[in-house]
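**Q** Before I ask anything, here is the structure I am working with.
The values are calculated or read from the model by the stated rules, or taken from the named source; none is laboratory data. Just so you know, these numbers come straight off a predicted model, no measurement behind them. Counting neighbours? That spans all protein chains shown, and the Cβs are built from the backbone with ideal geometry, glycine included.
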Number of protein chains: 2
Amino acid sequence: MGTSKTENFGTDLNELAAITKALGHPARLFILHHLIRTKSCVCGDIVEVLPLAQATVSQHLKALKEAGLIEGEISGTSVCYCIHAENWMKYSQWVNSFFSQFDPLSGKCC
Amino acid sequence: MGTSKTENFGTDLNELAAITKALGHPARLFILHHLIRTKSCVCGDIVEVLPLAQATVSQHLKALKEAGLIEGEISGTSVCYCIHAENWMKYSQWVNSFFSQFDPLSGKCC
DNA sequence: TTTGTTTATCGTATTTATACGATAAATTTA
DNA sequence: TAAATTTATCGTATAAATACGATAAACAAA
């Protein structure tokens, strides 16, 4: 991509965009959904469930981790990834607030 | 980017990812916020408010339109962009449902 | 120690995204 | 009709994202 001029839109929108960007790929949504729905949070288990190479899954996990959506805990040779509960609720609120700004009853603008 | 294997994750996650992807850029969030907060929905007004070239803004508007987040109505030589009310509420629900799948009281998985 | 297991990272090829200037297309105005 | 206005699109340069194989790193097990 080109240089996204992220410095010009305010901190709030930049942070929100970082979250929605991390959510903007089906594989990452699938991983999150998997972590929530099942108890298999070990990296290897996730790799088995996805039609992607281990390296690719690891990259997606890294992206989710950097966005604060998940956290990883090392357990021997394996790593257990979980939803970052605190951030999850915070982000949920942020996204919900963004959508809620719009009032559907306000009528069309033009 | 590489070929995102979007064919393997189910229709729902693909559709949701398309929406969050469109929301994954601060300029586009800014545009949406602007459309909601002000009454200036004309393309030219948006260009003036953003630190981006007209062509770039037009591209972002196209992305938002293709995602179904906004709709454009031609009015003379100018175009008025508005939030797509129906889709907006639907998408809001989708995103909210996705976040709500996680129960913060369920405890850590490991 | 040696071997095996698991995950992260490196290197890299490819595709997409972002951005801009220039220009086309459509409508308004003079 | 001619000129001005507004927006979309084209062409293009650059950067980031996606994906993979190969390999390193860390730990467990033999």
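**Q** Residues in the stretch B:62-70: is at least one small (G, A, S), within 13 Å of DNA strand C (Cβ to nearest atom) and over 27 Å from A:D103 (Cβ atoms)? Lay out the reasoning, then the answer.
**A** Here is the first cut: in the stretch B:62-70, the residues small (G, A, S) are B:63, B:67-68.
Subset that is within 13 Å of DNA strand C (Cβ to nearest atom): B:63, B:67.
From the residues that got through so far, the ones that are over 27 Å from A:D103 (Cβ atoms) too are none.
Within the stretch B:62-70, none of the residues are small (G, A, S), within 13 Å of DNA strand C (Cβ to nearest atom) and over 27 Å from A:D103 (Cβ atoms).
**Q** Related question: Find all pairs meeting these conditions: Cβ atoms under 9 angstrom apart; at least six residues apart or on different chains; first residue within the stretch A:3-21 and under 13 Å from A:L69 (Cα atoms); second residue at pLDDT below 95 and within 10 Å of DNA strand C (Cβ to nearest atom).
**A** A:A18/A:T6
**Q** Does the stretch A:14-35 hold any residues that are more than 7 Å from chain B (Cβ to nearest Cβ) and small (G, A, S), and which are they?
**A** A:A18, A:A22
**Q** Name the single residue that is nearest to the chain's Cα centre (by Cα) among those in the stretch B:63-77 being part of a strand (DSSP E or B) and surrounded by fewer than 13 Cβ atoms within 10 Å (Cβ to Cβ).
**A** Among them, the one singled out is B:I74.
**Q** Among residues belonging to the stretch B:88-98 that are surrounded by fewer than 18 Cβ atoms within 10 Å (Cβ to Cβ) and within 7 Å of another protein chain (Cβ to nearest Cβ), point out the one that is nearest to A:C80 (Cα to Cα). Explain how you work it out, then say what you get.
**A** To start, the set of residues in the stretch B:88-98 that are surrounded by fewer than 18 Cβ atoms within 10 Å (Cβ to Cβ) comprises B:89-90, B:93-94, B:96-97.
Then keep just the ones that are within 7 Å of another protein chain (Cβ to nearest Cβ); that gives B:89, B:96.
Working: B:M89: 35, B:N96: 26 Å.
Among those that are surrounded by fewer than 18 Cβ atoms within 10 Å (Cβ to Cβ) and within 7 Å of another protein chain (Cβ to nearest Cβ), it is B:N96.
**Q** Going through the stretch A:36-57 one residue at a time, which ones are more than 11 Å from chain B (Cβ to nearest Cβ), touching a helix residue (DSSP H, G or I) at 6+ places or on another chain (Cβ under 7 Å) and farther than 25 Å from B:L105 by Cα?
**A** The answer is A:V47, A:Q54, A:V57.
**Q** Then there's this: Would you confirm, using the coordinates I've provided, whether B:H60 is buried (at least 18 other Cβ atoms within 10 Å of the Cβ), within 10 Å of the chain's Cα centre (by Cα) and assigned to a helix (DSSP H, G or I)?
**A** Yes: the conditions hold for B:H60.
**Q** Further question: Are any residues in the stretch A:6-54 of a type in the set (K, R) and at pLDDT 95 or above, and if so, which ones?
**A** A:K21, A:R28
**Q** Kindly list, by first and then second residue, each pair from a residue in the stretch B:72-93 that is near DNA strand D (Cβ under 10 Å from one of its atoms) to a residue that is basic (K, R) and part of a helix (DSSP H, G or I), limited to pairs with Cβ atoms under 9 Å and residues at least 6 apart or on different chains.
**A** B:G72/B:K65; B:Y81/B:K65
Every residue, every condition in (1) touching a strand residue (DSSP E or B) at 6+ places or on another chain (Cβ under 6 Å); (2) of a type outside the set (F, W, Y); (3) closer than 13 Å to A:C43 by Cα, yes or no:
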site	(1), (2), (3)
A:Q54	no, yes, yes
A:S58	no, yes, yes
A:K90	no, yes, no
A:F98	no, no, no
A:G107	no, yes, no
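**Q** For the list (1) over 29 Å from B:R28 (Cα atoms); (2) over 13 Å from the mean Cα position of the chain (by Cα), I need the number of the one condition that A:C82 fails.
**A** Only one criterion is unmet by A:C82, namely (2).
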